[in-house]
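All remarks here apply to the structure that follows.
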Amino acid sequence: MFGLELALRVAPIHAGMAYRSVDQASPVMLGVPGRHWVHSVGWTLFNPRTGRLNNLGFNDPQTYTGTGPVTAVLGDSYVEGLAVPYAETLQARLRRRVGDCTRVYGFGVSGTAPSDYVSYLHWARQRLNVRDAVVVLSDGDLWEATAPRPGMHHFVRRADGTVTLERTDRAGTTPLRDAINASKLFRYVHGNLGFNPVARLSEAFAKPAPDQEPAPVAWVVDAFLERLQAELPPSRVTLVIDADRESIVEAREPEYGPERALLIAKARARGFTVVDLDPAFRAHQARAGRKVDFSPLDGHWNGLGHQIAADNVAAAWTLSGRGPACAGDASAAALTKVSNPGPPRL
């Protein structure tokens, strides 16, 4: 064991975020400011990357401060962006397009869901001058929005039909947890191999949870969009919907659940800007045949995937006259880069 620990000392073993406590005083999960992180995937330590969290605990080199207008980019690990250099992320690319007229800040935390995205948006608006938002949604997000998760928020539908947003508190990092995470052998087994001995031991003594019915799609979609609209006018919010990229590469019909089509239709009906990445990724595959993610080892977007997403968001802003007030200043060349979306694929 000691030999393995020494051997792994020089390796880029995955070390995710260290999070602060989540409770009434600190209602959303935030990383420890200045904390160093290491990213790698699998037993081969694929795609090693390192970085440091900013003053509010997000993976963004900018210091989040000031009274100037802010465009908030919200999402899960796609926005957290550990798999690519910051300069290649969606938020960094949008930041370069809009220049100095608005700050573009990323609020991405791995494992979050739409119920969390609205919670982070509310939290950010209490502290910063958030005028616009870009929200990235990936497969399974809407279903996760009804599941209690430590440190996260979830939607609950009451018997009378009302929907509430509830938080599951979480203890932050402790000296004992830090000591355990200091072991690279533990981090390799847990972070890279995906085996958590503590969790497995807990499962062995835990009572099985009762089977739960899947959450009805319609009320989850409505709850998410209503909460978004309570924070910002729909004209100031852009929803970016990820695609079934595996089916695109394999040239077969996508396997989408009904919630995707419902979300797109209801969001557009309410006046939100919707960027459906399916036609964009499909057109790119037909034209260039280059991967937009790190599959098969990692399903997250690579730099090209982030670029296509940013191109399509910028094009949507230009065509609709929405987004940050300065988005219309983006060059017309952005429109020639974006893939022709064609009819929406629902």
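Structure above, values below:
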{"read-out": "All positions within segment 282-297 that are assigned to a strand (DSSP E or B) and surrounded by 18 or more Cβ atoms within 10 Å (Cβ to Cβ)", "value": "D293"}
{"read-out": "Some residue of segment 66-76 being buried (at least 20 other Cβ atoms within 10 Å of the Cβ), under 17 Å from the mean Cα position of the chain (by Cα) and under 15 Å from H300 (Cα atoms)", "value": "yes"}
{"read-out": "Matching residues, segment 131-143, being surrounded by fewer than 23 Cβ atoms within 10 Å (Cβ to Cβ) and either modelled with pLDDT of 95 or more or basic (K, R) (or both)", "value": "R131"}
{"read-out": "Residue in segment 114-121 that is of a type outside the set (A, V, I, L, M) and modelled with pLDDT under 95 present", "value": "no"}
{"read-out": "Which numbered condition S21 misses (of (1) crowded, with 20+ Cβ neighbours inside 10 Å; (2) in contact with a strand residue (DSSP E or B) (Cβ under 7 Å, 6 or more places away or on another chain))", "value": "(1)"}
{"read-out": "Strands (runs of 3 or more DSSP E) wholly inside segment 1-111 containing at least 1 residues that are over 30 Å from L239 (Cβ atoms), of a type outside the set (F, W, Y) and in contact (Cβ under 8 Å) with a residue 60 or more places away in the chain", "value": "36-41"}
{"read-out": "Leading residue by the ranking (nearest to G303 (Cα to Cα)) among those in segment 82-138 that are of a type in the set (G, A, S) and more than 16 Å from the chain's Cα centre (by Cα)", "value": "A87"}
{"read-out": "Contacts under 8 angstrom Cβ, first residue in segment 114-132 being under 16 Å from V104 (Cα atoms) and small (G, A, S), partner modelled with pLDDT of 95 or more and not in a helix (DSSP H, G or I), 6 or more apart", "value": "A124/V70; A124/A72; A124/Y105; A124/F107; A124/V130"}
{"read-out": "Members of segment 271-288 that are touching a residue at least 60 places away in the same chain (Cβ under 8 Å) and under 17 Å from A314 (Cβ atoms)", "value": "D276, P279, A280"}
{"read-out": "Lone unmet requirement of (1) surrounded by 14 or more Cβ atoms within 10 Å (Cβ to Cβ); (2) modelled with pLDDT under 95; (3) over 14 Å from L142 (Cα atoms) for A215", "value": "(3)"}
{"read-out": "Selection from segment 31-78 of residues that are among the small types (G, A, S), modelled with pLDDT under 90 and within 19 Å of H122 (Cα to Cα)", "value": "G66"}
{"read-out": "Subset of segment 252-261 that is part of a loop (DSSP other than H, G, I, E, B) and in contact (Cβ under 8 Å) with a residue 12 or more places away in the chain - its residue that is surrounded by the fewest Cβ atoms within 10 Å (Cβ to Cβ)", "value": "G257"}
{"read-out": "Answer residue from segment 135-173, given it is in a loop (DSSP other than H, G, I, E, B) and of a type in the set (D, E) and is nearest to G106 (Cα to Cα) among those", "value": "D139"}
{"read-out": "Of all residues making up segment 312-327, the number that are surrounded by fewer than 23 Cβ atoms within 10 Å (Cβ to Cβ) and either in contact with a Leu (Cβ under 8 Å, 6 or more places away or on another chain) or at pLDDT 95 or above (or both)", "value": "4"}
{"read-out": "So I264, is it under 18 Å from A113 (Cα atoms) and part of a helix (DSSP H, G or I)", "value": "yes"}
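The values are calculated or read from the model by the stated rules, or taken from the named source; none is laboratory data. Remember, it's a predicted structure, so these values are computed and weren't measured experimentally. Virtual Cβ from ideal backbone geometry, glycine too; neighbours counted across all protein chains shown.
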